[in-house]
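One structure below.
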């Protein structure tokens, strides 16, 4: 093998061996998108939002750094659920959280079987 052919071969092999790491870095750049759907307004659920953010932080997820969290307050207008959920499903969110909203939980379960749904019933005082 001539020297020039050998250099081309080694250079090509080195470039090819770095392709998976470029692809992995590109995939890691995309942050998971968490959608939180409240029955009321996000302001009304301020305590739960703070607890949710704290819990995410304790598990290593920081909003704006390695995860994106969107809050969708329905303002008690459940007729907006189909529009909100259709938008979330179209954008392929990573997970849908519906804390304290039975209607949102049931609606989300009825429109997707592929996106995980996290829900909780909140104890009222």
- prompt: Restricting the stretch 37-88 to residues that are touching a residue at least 60 places away in the same chain (Cβ under 8 Å) and under 21 Å from residue 110 (Cβ atoms), which is surrounded by the fewest Cβ atoms within 10 Å (Cβ to Cβ)?
  reply: 39
- prompt: Among the residues of the stretch 13-31, is any surrounded by 10 or more Cβ atoms within 10 Å (Cβ to Cβ) and at pLDDT 85 or above?
  reply: yes
- prompt: Could you count how many residues in the stretch 73-95 are part of a strand (DSSP E or B) and at pLDDT 95 or above?
  reply: 1
Single condition residue 125 does not satisfy, out of (1) at pLDDT below 95; (2) closer than 19 Å to residue 41 by Cα; (3) out of contact with any helix residue (DSSP H, G or I) (no Cβ under 6 Å at 6 or more places or on another chain); (4) surrounded by 11 or more Cβ atoms within 10 Å (Cβ to Cβ): (4)
- request: Kindly provide the set of residues from the stretch 89-105 that are without any contact (Cβ under 8 Å) to a residue 60 or more places away in the chain, surrounded by fewer than 20 Cβ atoms within 10 Å (Cβ to Cβ) and either closer than 21 Å to residue 46 by Cα or in contact with a strand residue (DSSP E or B) (Cβ under 9 Å, 6 or more places away or on another chain) (or both), ordered by number.
  value: 89, 91, 92, 102
task: Answer yes or no: is there a residue in the stretch 61-72 that is modelled with pLDDT of 90 or more, assigned to a helix (DSSP H, G or I), out of contact with any helix residue (DSSP H, G or I) (no Cβ under 6 Å at 6 or more places or on another chain) and closer than 25 Å to residue 30 by Cβ.
output: no
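The values are calculated or read from the model by the stated rules, or taken from the named source; none is laboratory data. The shown structure was predicted, so the numbers you read here are calculated from the model rather than taken from an experiment. Note that we place each Cβ from the backbone using ideal geometry, even for glycine, and neighbour counts take in every protein chain shown.
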